[in-house]
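The values are calculated or read from the model by the stated rules, or taken from the named source; none is laboratory data. Note that the structure is a prediction, hence the values are computed from the model and not measured. Methodologically, a virtual Cβ is constructed for each residue, glycine included, from the backbone with ideal geometry; neighbour enumeration extends over all protein chains shown. Quick note on the areas: whole protein, heavy atoms, side chains included, nothing else; ligands and nucleic acids left out. Shrake-Rupley method; radii C 1.70, N 1.55, O 1.52, S 1.80 Å.
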Amino acid sequence: MREVAIIAYAQTPLVRDCGAKNDVELVMEVVNAVKHQVGFTNQDLDFFCSGSCDYLGGSAFAFVNALDALGAVPPINESHVEMDAAWALYEAWLKIQTGHANTALVYGFGKCSQGDLPDVLTLQLDPYYTQPLWPDSISLAALQARALLDAGKITEEDMARVVQKSRRNAKSKPGTQLKGDYTIEQLLAEPKLVSPLRKHDCPPVTDGASAVILATREVAEKFHKRNAYITGIDHRIEAHQLGSRNLIDSMSTRIAGEAAGVAKGKVDIAELHTPFSYQELLVKQALGLGDDTVINASGGPLAGNIMMSAGLSNFGEVAMRIIKGEANRGVAHATSGPCLQQNLVAVLEGK
Amino acid sequence: MSEQAKKVELIECPIVLNYNFSAGRAPTQFLRGMKQGKLIGQRSPLTGKVIAPPRGACPESGLPTTEEVPLPDTATVITFTIVHLPIPTSALEPPFIVANLVLDGSDQTFIHLVSGCANEDVKIGMRVKAKWKDQSEWDYSMDNIAYFEPTGEPPVDIEALKASRLEEAKRFLKAKAETK
């Protein structure tokens with residue numbers, strides 16, 4: 001296995017509406033920022049891979065237009081996934097493993113403010129039996145939360161604690177969307193949005209983009225004395241039909257976590273892509289993380305959730321903390337689909 | 001055929017999603033110009049080339065373009081095709097000409113219609129000028145130009161045009177370096 005490190009990371013500020021900026025202008029900001037961090041030009045990058053979804057902005061082939069932000073003259077080696085860019089990172093990681101690249105730039109972007117996001121996400125459902133009923137993403141999450149509460153796996157107070165911690169942690173990261181100090185009583189006094197979820201149990205709608213640069217050990221060692229290496233990575237998907245799934249468990253997360261080797265050592269930090277408060281509890285349990293692991297120090301998706309880039313951002317957040325020496329070993333997680341249908345888990349270690 | 005044997009061949013699942021589309025900073029500037037009957041390109045800070053219509057980035061370097069360059073509404077046909085199929089959303093009667101044009105003073109082509117002459121007379125290198133719609137119809141749209149029509153000037157050699165544009169970009173970069 002080739003050792004692959006994350007050597008650069010950038011994220012736009014997490015905002016409800018980035019105004020007049022288009023996809024190209026969003027992507028340009030982070031792509032140029034990561035190149036600048038390590039002094040790379042396109043000649044230093046063997047592969048580019050992105051994650052986005054054209055339904056978010058409502059414009060066809062937005063990901064092709066976004067190539068303007070890369071400077072694809074002379075032509076570059078590029079690929080795209082219609083998923084969170086964490087899966088684009090997986091593709092880039094594979095490309096490096098196969099020896100076809102030593103470096104790769106991975107980016108994701110989402111201008112979610114242009115449409116009605118919970119409704120737009122309905123289009124990822126099965127088109128025959130489920131999508132025509134228009135269950136939106138919040139309602140589906142509410143079904144899962146209700147099942148967990150009913151099974152006695154979590155309480156509403158547990159969910160409020162996740163929100164409280166997210167808002168508090170988000171204060172120490174610049175550019176987060178939702179932050180502040182709240183008491184559990186304050187949070188529980190809020191009205192329900194879609195029962196049992198309150199508004200703060202749901203992710204905000206966020207515009208933005210993020211990017212990372214991957215490199216082999218030989219390249220990485222030129223930039224940082226200490227690097228954050230991906231020592232394990234795996235992703236699993238559950239059945240598309242919600243009725244076929246056990247919603248009070250996250251089997252795909254558990255299997256991916258085992259394959260990535262999460263339990264092989266102490267996990268100092270974990271950035272979990274859990275857009276709904278209850279999901280952090282479920283994923284934490286599926287990964288077997290204890291209370292000695294600091295979860296979502298960045299505030300996580302409840303503090304700002306750029307669709308198609310939030311999972312990738314988790315890799316950047318964990319890597320930067322490892323590079324700075326704040327942690328030795330961390331977990332980055334990404335999810336996709338309704339109710340945690342698909343999950344990607346990676347272990348990053350400082351060396 | 002019995003009800004049981006009938007195949008379900010069609011179900012209707014209407015999808016309606018509304019979007020608040022934003023063109024982006026650079027396209028917004030360009031479309032504001034179009035509303036006033038002006039064509040405004042943007043110059044790449046790296047290559048000195050002028051991009052029209054702009055998308056916000058220099059596609060060669062990925063750097064933001066900010067310097068605006070007013071452009072005339074005259075252009076050269078770089079290549080073209082005669083379309084014999086109707087466009088579902090257009091009232092155009094086939095056959096009509098879709099051309100790849102480059103505005104004078106610009107380095108990037110764009111697609112528009114060429115008309116105002118017999119289709120057979122359109123040639124690569126032909127000089128054309130915008131035929132604007134009536135000002136009362138102008139919106140934030142490329143559509144304000146109904147089509148491009150021949151100017152009657154002699155045709156241009158495309159390779160010579162490309163070479164002169166590259167020289168122009170080099171001159172611009174040299175002048176920029178000198179002022180620094």
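Surface listing: A:Val120, A:Val15 arranged by accessible area from highest to lowest gives A:Val15, A:Val120, probe 1.4 Å.
Only Lys, Arg, Asp and Glu carry charge here, each on its Cβ (+1 for the first two, -1 for the last two); on that basis the protein assembly as shown has a dipole of about 1540 debye about its Cα centre.
Across chain A, C-alpha contacts under 8 Å between residues 6 or more apart give a mean separation that, scaled by the residue count, equals a relative contact order of 26 percent. Rg and Dmax of the protein assembly as shown, both derived from C-alpha coordinates alone, stand at 26.4, 85 Å. The helix-only estimate of mean residue ellipticity at 222 nm for chain B, built from DSSP H runs of length n ≥ 4 each weighted as -39500 (n - 2.57), is -6000 deg cm²/dmol after division by the residue total. Short-range pairs are left out: with C-alpha atoms under 8 Å and at least six residues apart, the relative contact order of the stretch B:8-70 is 29 percent. Think of the stretch B:30-180 as having a plus end and a minus end, set by charges on the Cβ of Lys, Arg, Asp and Glu; of B:Ala163, B:Ser44, B:Asn144, B:Ser44 sits farthest toward the positive end of this dipole.
Distance between the 7 Å Cα→Cβ label points at B:Lys131 and A:Glu190: 5.9 nm.
With all protein chains kept in place, the per residue accessible area of the protein assembly as shown amounts to 46 square angstrom at a probe of 1.4 angstrom. When you restrict to C-alpha pairs under 8 Å that are six or more residues apart and normalise by the size of chain B, the relative contact order lands at 19 percent.
Over the Cα atoms of the stretch A:1-50, the radius of gyration divided by the Kirkwood radius equals 1.04; this is the Rg/Rh ratio. Total buried accessible area between A and B, probe 1.4 Å, nearest 100: 2100 Å². Per atom type, chain B shows carbon and sulfur on 56% of its accessible surface, probed at 1.4 Å. Angle of helix A:137-150 to the longest C-alpha principal axis of chain A, folded into 0 to 90 degrees and rounded to 10: 60°.
The contact residues of the stretch A:14-32, meaning those that lose at least 10 Å² of 1.4 Å-probe accessible area when all protein chains sit together rather than their chain alone, are A:Ala20, A:Lys21, A:Asn22, A:Val24, A:Glu25, A:Met28, A:Asn32. Is the shape of the stretch A:25-179 best called rounded, prolate or oblate, per the rule: a/c under 1.5 gives rounded, else a/b larger than b/c gives prolate, else oblate, with a ≥ b ≥ c the square roots of the Cα gyration tensor eigenvalues? Note, shape of the stretch A:25-179 comes out prolate. Among B:Pro59, B:Pro150, B:Pro88, the largest mean-square fluctuation in a Gaussian network model of chain B (Cα springs under 10 Å) belongs to B:Pro88.
Applying a DSSP loop filter and a limit of 14 other Cβ atoms within 10 Å to the chymotrypsin sites (Phe, Trp or Tyr not before Pro) in the stretch A:1-91 leaves A:Phe61.
Set the Förster radius R0 to 25 Å, insert the Cβ-Cβ distance between A:Leu123 and A:Gln285 as r into 1/(1 + (r/R0)^6), and round the FRET efficiency to 0.05. After rounding, the FRET efficiency stands at 0.25. Put simply, the stretch B:25-179 fits an ellipsoid with semi-axes of 28, 19, 13 Å; these come from the alpha carbon gyration tensor as the roots of five times its eigenvalues, largest first. Checking the cross-link pairs A:Lys153/A:Lys173; A:Lys95/A:Lys351; B:Lys38/B:Lys176; A:Lys199/A:Lys324 against a 29 Å limit on the alpha carbon distance flags A:Lys153/A:Lys173; A:Lys199/A:Lys324 as lying beyond it. Taken about its Cα centre, the stretch B:25-179 carries a charge dipole of roughly 560 debye when the Cβ of each Lys and Arg holds +1 and the Cβ of each Asp and Glu holds -1. For chain A, the longest principal axis of the alpha carbon atoms and the long axis of helix A:156-169 meet at an angle near 30°. From the residues B:Tyr19, B:Thr109, B:Ser90, which one has its Cα farthest along the dipole of the stretch B:16-120 in the positive direction, the dipole being from +1 and -1 charges on Cβ of Lys/Arg and Asp/Glu about the Cα centre? It is B:Tyr19, whose Cα lies furthest towards the positive end. Rounded to the nearest 10 degrees, the inclination of helix A:85-97 to the longest alpha-carbon principal axis of chain A is 40 degrees. Pairwise Cα separations in the stretch A:140-210 fall into 5 Å bins from 0 onward with the following percentages, short to long: 3, 16, 23, 24, 17, 11, 5, 1.
Mean residue ellipticity at 222 nm, helices only, chain A: -9000 deg cm²/dmol; runs of at least 4 DSSP H residues each add -39,500 (n - 2.57), and the sum is divided by the number of residues. Note on A:Ile76 and B:Glu153: the model spin-label points, each 7 Å out from Cα along the C-beta direction, lie 3.6 nm apart. Scanning chain B for GluC sites (Glu not before Pro) in DSSP loops with at most 13 neighbouring Cβ atoms within 10 Å leaves B:13-180 as the longest stretch between them. Distance between the modelled labels on B:Arg32 and A:Gln37, one decimal in nanometres: 3.3 nm (7 Å Cα→Cβ projection).
With a Förster radius of 56 Å applied to the beta-carbon distance between B:Leu85 and A:Asp44, the computed FRET efficiency rounds to 0.80.
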